[in-house]
Amino acid sequence: MARMHRWFWHAGAVVVYALCAWAVVVHGATLHGLILGGGSDALAFVWFLGWWPYALTHHLNPFFTHLVWQPQGLNLAWVTSVPALALLALPVTQLFGPVLSFNLLTLAAPIVSALAAYALCLYVARRPSAALLGGFLFGFGSYAMARQNEQLNLETTCFVPCLVLLVLARLDGRIGRFGTVAAGVAMLAAMAGVSLEMFATTVLSGGFAWLLAWGMLPPRRVALGSLFADALFAAPLLLLALFPLLSALFALPHDVSLPSFWPRIYATDLLNLIIPTGADRIGGLFFAPVSQNFPGNVSEQSGYLGLPLIILLWLALRGGRAYLRWLLVAMVIASLGPRLWLAGHNTGIPLPWALIQALPLMNKALPARMMLYADLAAAIAAALWLAEAIGWREQLLRLGFGLLAAIMLWPAPRPVQKIPYSTFFQPGRVEQVLGQNPRIAVLPFGFYSPSMFWQAESGFAFAQTGGYLGFPPARVQDDGVLMRIFFGIDDPAKVQGFAAYCHRTATNFVIAGPGAPADMVSGLRALGWPARQVDDVTILTVPAAP
């Protein structure tokens with residue numbers, strides 16, 4: 001009977017999280033007619049999901065492409081190409097296209113992450129109702145929801161609670177070395193195939209958590225020593241599993257260079273812990289005059305815990321569980337970045353992340369994303385607090401307070417967008433009009449362009465001398481005019497600068513699609529570039545350089 005009771009709770013968790021995800025992510029949209037994501041990041045992920053099956057079936061190296069940023073191309077190992085998710089969704093992509101794959105993965109991300117946290121909280125708290133709350137706090141917390149529908153690589157967080165559950169099971173002697181090493185390598189390799197940054201920060205956070213446990217939990221040192229030995233066994237196997245990715249990272253050409261100031265501005269504002277942002281349903285609009293001053297943008301402003309949850313955490317951790325308390329505090333401090341931000345003002349007060357920023361490769365990690373680990377620690381603490389209630393009155397009181405904390409975190413409906421279909425970019429049409437493998441610059445150009453979707457929709461029928469798969473390569477960042485065009489900033493020299501760029505990259509045609517800036521098109525026409533209207537685009541032929 002108890003077993004049936006448990007399965008009832010497990011099924012209920014699936015239903016509850018699925019309903020929450022549908023309400024927040026889909027909210028009346030359709031999985032076929034819209035893209036469950038706002039902005040160009042969603043279109044870039046659609047491109048990635050389409051690229052992997054295309055590359056594999058055409059015997060191309062999937063970690064490098066010459067189809068964007070011609071003539072040099074782009075090393076996709078250094079961008080968010082999500083190979084693990086692309087391979088997982090490959091059957092759906094082949095049958096129904098990358099848009100449906102993206103939508104399904106986007107919808108599944110919070111559900112699976114919440115279920116993974118539910119399993120972890122059930123293991124430590126032993127009470128399903130408490131685990132249900134913990135799963136929600138992680139899967140639908142501020143970190144996850146700030147990135148939902150825009151950053152598929154960062155919203156797929158299920159591996160983190162699964163790894164913690166594996167570690168706890170090993171420390172408790174419920175799994176042996178072979179199982180620990182095999183499962184750990186598989187999960188870490190899959191995580192690296194979703195987000196290298198999350199992989200790196202998970203290893204960093206895991207190492208810190210181990211050191212903290214060694215210092216604060218002496219009775220656990222024997223088990224912690226065995227866990228350390230497991231890690232030594234796993235390391236070479238993990239390197240072997242990641243060999244294709246690591247080879248692409250360091251052996252193939254790459255010039256991906258992110259702005260050095262990003263880790264300073266993509267950090268959690270201390271006030272964000274109690275002040276919601278536009279990603280939050282309750283209070284997001286009311287506090288917009290305050291939150292709009294927070295550093296970064298709304299998809300990176302993920303520090304919100306809310307007063308009810310902070311009070312709950314204080315009650316849960318004030319008298320005990322020192323290890324969990326200090327782990328939570330450490331992760332929050334890490335998310336604050338190298339200098340303390342307060343109400344949108346950089347106070348200049350140095351913080352520990354300045355040391356992390358000095359490490360190789362880690363200097364590109366954005367500290368605001370460390371709230372992922374803080375949210376998981378908070379979920380575990382909340383589940384433990386709820387589970388230790390004695391008597392039905394205390395249980396109801398704590399359950400009500402936990403529900404209040406969850407309600408205050410309820411996210412605003414996540415953005416959706418229309419699929420930017422174009423008649424000209426339908427399969428077969430580009431080749432019919434322009435021949436095989438033309439080299440094209442697409443207008444709109446850059447960050448606000450649907451060009452990545454159009455390229456995927458065409459069946460990768462053309463190469464771009466631009467594109468958006470992340471920040472532009474280092475080789476073009478010194479071209480100030482082109483960078484302003486890329487980010488949609490007006491420049492009096494934009495027509496001449498864009499024309500010069502087309503000549504430098506041996507662009508054959510400029511395709512002005514729906515939404516192309518009319519002044520750019522008329523400016524290129526005024527330079528004498530031949531133009532013709534085909535379907536819903538204007539095709540400008542790039543003449544020989546003067």
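Among PHE138, PHE250, PHE294, PHE424, the order by Cβ neighbours within 10 angstrom, fewest to most, reads PHE250, PHE424, PHE294, PHE138. Which net charge results when you count Lys and Arg as +1 and Asp and Glu as -1 among the other residues whose beta-carbon is under 15 Å from that of LEU171? Around LEU171, the surrounding residues sum to +3. Only one residue of ALA55, TYR123, ALA248 has its Cα farthest out toward the positive end of the dipole of the chain, where Lys and Arg carry +1 and Asp and Glu -1 on Cβ, and that residue is TYR123. Projecting the Cα atoms of PHE233, ALA223, PRO492 onto the dipole axis of the chain, where Lys and Arg carry +1 and Asp and Glu carry -1 at the beta carbon, places ALA223 farthest toward the positive end. Between GLN464, GLY446, ALA412, the Cα set farthest toward the positive side of the dipole of the stretch 409-479 (charges on each charged residue's Cβ, about the Cα centre) is that of ALA412. Along the stretch 62-75 the Karplus relation, 6.51 cos²θ - 1.76 cosθ + 1.60 evaluated at θ = phi - 60°, assigns HN-Hα couplings of x, 8, 9, 9, 9, 8, 10, 6, 4, x, 6, x, 8, 7 Hz to successive residues, with x for each Gly and Pro.
Add +1 for every Lys or Arg and -1 for every Asp or Glu among the other residues with Cβ under 10 Å from the Cβ of VAL24, and state the total.
Details: positive: ARG281, ARG414; negative: none.
Once positives and negatives cancel, what remains is +2.
When Lys and Arg each count +1 and Asp and Glu each count -1, what net charge do the other residues less than 15 Å away from ALA116, Cβ to Cβ, add up to? With Lys, Arg at +1 and Asp, Glu at -1, the neighbours total -2.
Here the spin labels are modelled as points 7 Å beyond Cα on the Cα-Cβ line, and at HIS503 and GLU388 they lie 7.3 nm apart.
Taking 0.36 nm per residue of separation and subtracting the Cα-Cα distance, full extension of the segment from PHE261 to LEU237 would add 5.1 nm. In this rough spin-label picture, where each label sits 7 Å from Cα along the Cβ direction, the ASN293-GLN496 distance is 4.2 nm.
Distance between the 7 Å Cα→Cβ label points at PHE447 and ALA343: 2.8 nm.
Based on the alpha-carbon gyration tensor of the stretch 339-417 and its eigenvalue square roots a ≥ b ≥ c, which shape applies: rounded if a/c is under 1.5, prolate if not and a/b is larger than b/c, or oblate? Could the numbers behind the result be given before it?
Working: a/c = 2.55, a/b = 1.93, b/c = 1.32.
Judged from the Cα gyration tensor, the stretch 339-417 comes out prolate (a/c at least 1.5, a/b above b/c).
Ranked from largest, the principal axis spans of the Cα set of the chain equal 82, 51, 50 Å.
Per-residue Cβ neighbour counts within 10 Å put LYS418, LYS364 in the sequence LYS418, LYS364, beginning with the fewest.
What FRET efficiency comes out for PHE96 versus PHE250 if R0 is 25 angstrom and r is the Cβ-Cβ distance? Round to the nearest 0.05.
For PHE96 and PHE250, the calculated efficiency is 0.10.
Across the stretch 189-198, coupling constants 3J(HN,Hα) worked out from phi with the 6.51/-1.76/1.60 Karplus curve, θ = phi - 60°, read 5, 5, 4, 4, x, 9, 8, 5, 5, 5 Hz, and Gly and Pro carry x.
Placing +1 on the Cβ of every Lys and Arg and -1 on the Cβ of every Asp and Glu, with no other charges, gives the chain a dipole of roughly 1340 debye about its Cα centre.
Normalised by the number of residues in the chain, the average gap of Cα pairs under 8 Å and 6 or more apart makes the relative contact order 18 percent. Remark on the stretch 353-478: Rg and Dmax equal 25.0, 76 Å (Cα only).
Maximal additional length on extending the PHE178-HIS59 stretch stands at 39.3 nm, based on 0.36 nm per residue less the C-alpha distance.
By the count of other C-beta atoms within 10 Å, a proxy for reagent exposure, GLU457, GLU431, GLU394 are ordered fewest to most as GLU394, GLU431, GLU457. Remark: the stretch 317-328, residue by residue, has Karplus-estimated 3J(HN,Hα) of 10, 5, x, x, 6, 4, 4, 5, 4, 6, 5, 4 Hz, where x stands for each Gly or Pro and the curve is 6.51 cos²θ - 1.76 cosθ + 1.60 at θ = phi - 60°.
FYI, it's all coordinate maths here, none of it is from the lab. All figures in this text were calculated on a predicted structure; none of them were measured in a lab. As a convention, Cβ positions derive from the backbone with ideal geometry for all residues, glycine included, and neighbour counts pool all protein chains shown.
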